[in-house]
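Take a look at the structure set out below.
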Amino acid sequence: TRMKLRIKPDPKIRDFLWPKYKTCGAAAFDLYLQEDISLRPGEPAEISLGFSTDMDPGWAVEILPRSSTGMRCGVYIWNTLGLIDADFHGVWCAKIDCQTPCRFRRGDRLLQAIVRKVERAEDVEIEHAVRGDHSGSTGGNENIITK
């Protein structure tokens with residue numbers, strides 16, 4: 001079964017650069033930067049990917065750095081992996097950091113996304129939420145201690 005990902009560009013972005021698979025054998029589609037960014041190690045930056053989506057229930061999207069970007073300056077997703085659930089309808093963002101200072105230009109392919117079919121566990125309590133009412137996190141960080 002295939003899922004159709006309906007991409008809705010942020011109306012604030014002029015000349016939106018559409019995500020795309022670069023080859024017919026690519027497992028992930030590339031996400032293009034919609035603006036220039038500069039990264040400095042230890043100073044995570046939240047970047048907008050410039051679009052929101054509608055996707056069918058039972059699917060999710062994982063966002064990760066392209067391997068060439070990781071090799072070039074050690075770019076990584078700050079929370080280890082970006083996961084977009086089917087019921088998230090906000091603008092896609094990623095919080096990224098790097099190991100060496102680097103600059104990227106609008107149109108660079110810094111991140112990529114993989115579409116995944118997901119199965120749900122049985123007998124897990126579900127908190128009922130209105131579709132699209134969360135900001136990308138289901139919480140659960142109340143017991144984390146930071147110093």
Item checked: Whole-Å distance, taken between Cα centres, linking segment 15-38 and segment 105-119 -> 7 Å
Next item on the list: At 1.4 Å probe size, with every protein chain present, just tell me what the per residue accessible area of the chain comes to in Å².
Entry: 69 Å²
Check: Which Cys in the chain stand alone, with every other cysteine's Cβ at 4.7 Å or more from theirs?
Finding: 24, 93, 98
Notebook entry, point to check: What spacing in nm lies between the two simple spin-label points modelled at residue 72 and residue 3, each 7 Å away from Cα in the Cβ direction?
Noted result: 2.8 nm
Item checked: Portion, in percent, of the accessible area of segment 49-123 that falls on carbon or sulfur, probe 1.4 Å -> 49 percent
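Assign one of three labels to the chain, namely rounded, prolate or oblate, based on the Cα gyration tensor with a ≥ b ≥ c the square roots of its eigenvalues; rounded applies when a/c is under 1.5, prolate when it is not and a/b is larger than b/c, and oblate otherwise.
It comes out oblate by the Cα gyration axes.
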Check: Taking a spot 7 Å from the Cα of residue 93 along the direction of its beta carbon, which residues of segment 1-19 have an amide N less than 19 Å from it?
Finding: 8-14
Next item on the list: Using amide H atoms built 1.01 Å from N in the peptide plane, name the residues 5+ places from residue 83, or on other chains, whose amide H lies under 5 Å from its own.
Entry: 63
Next item on the list: Give a residue-ordered list of calculated ³J(HN,Hα) values for segment 46-57 (Karplus: 6.51 cos²θ - 1.76 cosθ + 1.60, θ = phi - 60°; whole Hz; x for Gly, Pro).
Entry: 8, 10, 7, 8, x, 7, 10, 9, 10, 9, 5, x
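The values are calculated or read from the model by the stated rules, or taken from the named source; none is laboratory data. Just so we're clear, the structure is a prediction, and the values are computed from it rather than from any experiment. Positions of Cβ are generated from backbone atoms using ideal geometry, with glycine treated the same way; all protein chains shown enter the neighbour counts. Areas reflect the complete protein model, heavy atoms only, side chains present, ligands, DNA and RNA absent. Shrake-Rupley method; radii C 1.70, N 1.55, O 1.52, S 1.80 Å.
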